[in-house]
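Visitor: Handing you a structure now.
The values are calculated or read from the model by the stated rules, or taken from the named source; none is laboratory data. None of the values given here were measured: they were computed from a predicted structure. Here Cβ is always computed from backbone atoms with ideal geometry, including for glycine, and neighbour counts include all displayed protein chains.
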Amino acid sequence: MSNLDIMPVASEVALRWVRESLDQGSMLSARVADRLSDGVEASVISPSGVGTVNIDGSSRGINRREAEVVLERYLSVSRPVHDGVLIVEDDVARAGDPELADVTSIADRIIRWIPTDGEPEKWSTLLRVGASGYPLNAFVCAPPAGDRLAGAGRRLTEADAATLAGCVTAVINSVFDAESFLIASFPP
């Protein structure tokens with residue numbers, strides 16, 4: 001049994017953290033950042049019973065795998081993610097890097113994505129494999145994103161990035177020395 005829980009975070013605190021992370025991302029991150037507003041609801045995976053959560057880069061002694069399980073459960077029950085897509089920006093790899101297979105690029109940035117069709121353990125795997133940990137820019141997207149990604153092939157245009165950003169229902173960022181997650185959800 002995990003001692004972790006989903007804790008609400010003040011919108012202004014979360015928005016500051018999310019913007020800082022998105023500023024380090026791709027064209028897709030920039031488009032998502034343009035959509036951020038005070039209406040975003042934010043939560044962080046944190047040890048239970050800590051009271052007010054201060055989001056920063058300091059470790060909280062969180063077990064990453066336990067945080068992933070809590071995130072899987074949260075995404076499974078809190079949003080209708082079936083038939084949608086989880087996108088993770090690769091913060092290290094760049095288009096043209098040797099040995100990259102089955103990835104998509106936006107300009108020189110690599111994104112990895114999978115359908116969110118009922119296998120939550122694959123979501124955590126993508127979060128782990130798709131990025132080094134910090135900054136983590138991941139996006140839960142509504143179903144039209146899957147059609148756009150599948151139709152675009154291996155290279156996305158600026159128009160594709162704008163369309164995908166419009167499909168984003170939640171942003172996932174790493175916090176606490178990349179051991180846990182901040183989830184910022186857009187209003188329905």
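Visitor: Taking into account only those residues within the stretch 1-14 that are in a strand (DSSP E or B), in contact (Cβ under 8 Å) with a residue 60 or more places away in the chain and not acidic (Asp, Glu), which is surrounded by the most Cβ atoms within 10 Å (Cβ to Cβ)?
Guide: Top of the filtered list is VAL9.
Visitor: To continue, here is another question. Count, please, the residues in the stretch 96-106 that happen to be more than 19 Å from the chain's Cα centre (by Cα) and in contact (Cβ under 8 Å) with a residue 40 or more places away in the chain.
Guide: Total satisfying the criteria: 0.
Visitor: Report the residue count in the stretch 120-156 for those that are outside any helix (DSSP H, G or I), closer than 21 Å to GLU66 by Cβ, at pLDDT below 85 and not polar (S, T, N, Q).
Guide: 3
Visitor: If you don't mind, there's one more thing I want to ask. Taking the criterion of being surrounded by 13 or more Cβ atoms within 10 Å (Cβ to Cβ) and in contact with a Cys (Cβ under 9 Å, 6 or more places away or on another chain), would at least one residue in the stretch 118-137 satisfy it?
Guide: Checked against the condition, which is being surrounded by 13 or more Cβ atoms within 10 Å (Cβ to Cβ) and in contact with a Cys (Cβ under 9 Å, 6 or more places away or on another chain), the stretch 118-137 yields no hits at all.
Visitor: Continuing with the same structure: Given (1) part of a strand (DSSP E or B); (2) surrounded by fewer than 13 Cβ atoms within 10 Å (Cβ to Cβ), identify the lone condition not met by ILE45.
Guide: (2)
Visitor: Another one. Based on this model, can you work out whether VAL32 counts as touching a Phe, Trp or Tyr at 6+ places or on another chain (Cβ under 7 Å), under 23 Å from CYS167 (Cβ atoms) and part of a helix (DSSP H, G or I)?
Guide: yes
Visitor: Give me the residue from the stretch 162-176 that is within 15 Å of the chain's Cα centre (by Cα) and closer than 21 Å to ALA107 by Cα and, out of that set, surrounded by the fewest Cβ atoms within 10 Å (Cβ to Cβ).
Guide: Ranking the candidates gives GLY166 first.
Visitor: Identify, from the list ARG60, ARG64, ARG73, ARG94, the residue that is over 24 Å from ALA10 (Cα atoms) and of a type in the set (Lys, Arg).
Guide: Residue meeting the stated conditions: ARG94.
Visitor: Under 6 Å between Cβ atoms, at least 6 apart or on separate chains: pull out the pairs that start in the stretch 48-69 with a residue that is over 18 Å from LEU136 (Cα atoms) and end on any residue that is of a type outside the set (S, T, N, Q) and surrounded by 13 or more Cβ atoms within 10 Å (Cβ to Cβ).
Guide: SER48/ASP5; VAL53/MET7; VAL53/VAL9; VAL53/VAL44
Visitor: OK, next. Would you mind telling me which numbered condition in (1) in contact with a strand residue (DSSP E or B) (Cβ under 8 Å, 6 or more places away or on another chain); (2) farther than 25 Å from ASP147 by Cβ; (3) in a strand (DSSP E or B) VAL92 fails?
Guide: VAL92 satisfies every listed condition except (1).
Visitor: Please specify each residue of the stretch 68-95 satisfying the condition of being surrounded by 14 or more Cβ atoms within 10 Å (Cβ to Cβ), of a type in the set (A, V, I, L, M) and either within 14 Å of the chain's Cα centre (by Cα) or modelled with pLDDT under 85 (or both).
Guide: The answer is LEU71, LEU75, VAL81, VAL85, LEU86, ILE87, VAL88, ALA93, ALA95.
Visitor: Here is a further query. If we scan the stretch 155-169, do we find a residue that is more than 18 Å from LEU36 (Cα to Cα) and among the aliphatic types (A, V, I, L, M)?
Guide: yes
Visitor: I need a count of the residues in the stretch 15-29 that are part of a helix (DSSP H, G or I) and either charged (D, E, K, R) or modelled with pLDDT under 90 (or both).
Guide: 3
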